[in-house]
1. Can you find a residue in region 68-82 that is open to solvent by less than 60 Å² (accessible area, probe 1.4 Å), more than 12 Å from Glu126 (Cβ to Cβ) and in contact (Cβ under 8 Å) with a residue 60 or more places away in the chain?
2. Please determine whether any residue of region 87-98 is more than 27 Å from Phe168 (Cα to Cα), surrounded by 13 or more Cβ atoms within 10 Å (Cβ to Cβ) and among the small types (Gly, Ala, Ser).
3. Would you pick out the residues in region 166-185 that are among the β-branched types (Val, Ile, Thr), part of a strand (DSSP E or B) and either touching a residue at least 12 places away in the same chain (Cβ under 8 Å) or open to solvent by less than 40 Å² (accessible area, probe 1.4 Å) (or both)?
4. Identify all residues within region 9-65 that are part of a helix (DSSP H, G or I) and hydroxyl-bearing (Ser, Thr, Tyr); write none if there are none.
5. Tell me the residue from Lys204, Lys178 that is farther than 27 Å from Lys16 by Cα and either out of contact with any Lys or Arg (no Cβ under 6 Å at 6 or more places or on another chain) or at pLDDT 95 or above (or both), please.
6. When the residues of region 99-111 are narrowed to those that are within 18 Å of the chain's Cα centre (by Cα) and open to solvent by 70 Å² or more (accessible area, probe 1.4 Å), which ends up farthest from Pro136 (Cα to Cα)?
7. Of everything in region 93-116, what is assigned to a helix (DSSP H, G or I), among the hydrophobic types (A, V, I, L, M, F, W, C) and touching a residue at least 12 places away in the same chain (Cβ under 8 Å)? Give them in sequence order.
8. Would you be able to say whether some residue in region 153-165 is over 23 Å from Asn63 (Cα atoms) and free of Cβ contacts under 8 Å to residues at least 24 places away in the same chain?
Amino acid sequence: RYCFNCERRYEMSNLKFFTNGFIKENPTFVLVLGTCPTLAVTTAAMNGIGMGAATTFVLVFSNLLIAALKNFIPDKVRIAAFILVIATFVTIVDLVMKAFTPDLYKTLGIFIPLIVVNFIILGRAEAFAQKNAVIPAILDGLGMGIGFTLAITLMGGIREILGNGSIFDIRLVSQDTKTILMFILPPGAFLTYGYLIAIMNVVKRKYDI
């Protein structure tokens, strides 16, 4: 007998897996993972989109493969196997970006290969993908990737506007207007990050998310 309630619960659980990474378990502002690229590459909004897209690709496909192979990976070599899977997809991203977006690739530099040790990806593989089926694992990776992308793009946009007076390289003020140079320097990264984490905490507390 067909179970409509079962299907509804399945759809709702899948939606929860997908949306968790947006606010409730946002990897940047709530779980505070991947802080190295978050602080380093967010001098411009476009950098955030590039790094976020690369990380999302690796998250989705590494989660997919790990969830599919979880029953065949011996527990003793679990972490090593996860890193091998992640490194494979990072290599694909690295080569594709180098070939098709060389300017962005040059800007992001060493932080593309360092996705291998980004704990957002390894953490989701360990905490979620190896314990769940393929579809929930894909949705979790996609949701976490989108949440990470939105977070670092927002951070990059704020820093670019305040530090350069532009957004996506579009000037918002005249060349003579003074900007706050500190925001595109390391201290500005920490300041922006701290304020955004504080705002996220207020939002979560106010709306009980």
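1. Yes; the residues of region 68-82 include at least one that is open to solvent by less than 60 Å² (accessible area, probe 1.4 Å), more than 12 Å from Glu126 (Cβ to Cβ) and in contact (Cβ under 8 Å) with a residue 60 or more places away in the chain.
2. Yes, because at least one residue in region 87-98 is more than 27 Å from Phe168 (Cα to Cα), surrounded by 13 or more Cβ atoms within 10 Å (Cβ to Cβ) and among the small types (Gly, Ala, Ser).
3. Across region 166-185, the qualifying residue is only Ile167.
4. Tyr10, Ser13, Thr19, Thr35, Thr38, Thr55, Thr56, Ser62
5. On inspection, the qualifying residue turns out to be Lys178.
6. Applying the filter and picking the extreme gives Thr107.
7. Val93, Met97, Leu104, Leu108, Phe111, Leu114, Ile115, Val116
8. So far as region 153-165 goes, yes, one or more of its residues are over 23 Å from Asn63 (Cα atoms) and free of Cβ contacts under 8 Å to residues at least 24 places away in the same chain.
The values are calculated or read from the model by the stated rules, or taken from the named source; none is laboratory data. Nothing here was measured: the structure is a model prediction, and the numbers come from that model. Ideal geometry is used to build each Cβ from the backbone, glycine not excepted, and the neighbour counts take in all protein chains shown. In case anyone asks, the SASA skips ligands and DNA or RNA and just uses the protein heavy atoms, side chains included. Shrake-Rupley method; radii C 1.70, N 1.55, O 1.52, S 1.80 Å.
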